[in-house]
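Novice: The structure is given below, and queries will be raised subsequently.
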Amino acid sequence: MKLGTSMTRILDDFVSSEKHAPPHLLVVDDDEGVRHFIERVLVEGGYRVETAAGGAEALEAVDHGEKFDLVVSDVRMPGLSGPQFVEQLRRKETDMKVLYVTGFSDQLFDERETLWFDEAFLDKPCTPNAILESVALLLYGHIVPPQPGGISGAPQH
């Protein structure tokens, strides 16, 4: 069966848009100011970002079919701590990349002896560049310097 030119263009546009969709990130932090700061940094860096105020809310998003390339999570939160949330998340999404952003790295290592190979942590307070570089390192395997209009390696839309 031969497709018409317009159908071929539609399919080409669909396939190319799928290839170039920016990574989808989930930011989980109970502190609204921190959550919005990290969200703004990542959106300005060219990422698609969803937020959750805690581990239970984040797990609901995953349970409803949301797919994420990386999770940025606080460590100390009411209810589920960051490590507890990630432990439950890994039962559903075993290959999830995680960046813990915390002012309490000692608590992180009290709960976990080591990090997985696809996990990292960043101490609060942190700069926008530190967030973008840490995310790039987890997603792409190298630190990508910030570029005007977003981070290199994160497809722009």
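Novice: On the basis of being touching a residue at least 40 places away in the same chain (Cβ under 8 Å) and outside any loop (DSSP other than H, G, I, E, B), does Val86 make the cut? Steps first, please.
Specialist: On the way: touching a residue at least 40 places away in the same chain (Cβ under 8 Å): no; outside any loop (DSSP other than H, G, I, E, B): yes.
No.
Novice: Turning to a different aspect of this structure: Go through the residues of segment 44-51 one by one and say whether even a single one is in a strand (DSSP E or B), surrounded by 13 or more Cβ atoms within 10 Å (Cβ to Cβ), modelled with pLDDT of 50 or more and in contact with a His (Cβ under 7 Å, 6 or more places away or on another chain). Full working, then the answer.
Specialist: Quick first cut of segment 44-51, residues in a strand (DSSP E or B) only: 48-51.
Within this subset, residues satisfying the condition of being surrounded by 13 or more Cβ atoms within 10 Å (Cβ to Cβ) are 48-51.
Going one step further and asking which of them are modelled with pLDDT of 50 or more, we end up with 48-51.
From what's left, in contact with a His (Cβ under 7 Å, 6 or more places away or on another chain): 48.
Yes, the conditions are met somewhere in segment 44-51.
Novice: Looking only at segment 101-141, how many residues end up being at pLDDT 80 or above, assigned to a loop (DSSP other than H, G, I, E, B) and farther than 15 Å from Val86 by Cβ? Show your work before the answer.
Specialist: First, pick out the residues of segment 101-141 that are at pLDDT 80 or above: 101-102, 118-141.
Okay, now just the ones that are also assigned to a loop (DSSP other than H, G, I, E, B), so 118, 124-127, 141.
Filter again for farther than 15 Å from Val86 by Cβ, leaving 124-127, 141.
Number satisfying all stated conditions: 5.
The values are calculated or read from the model by the stated rules, or taken from the named source; none is laboratory data. Note that the structure is predicted; figures quoted are calculated from it, not measured. Every residue, glycine among them, receives a Cβ derived from its backbone with ideal geometry; neighbour counts consider all protein chains shown.
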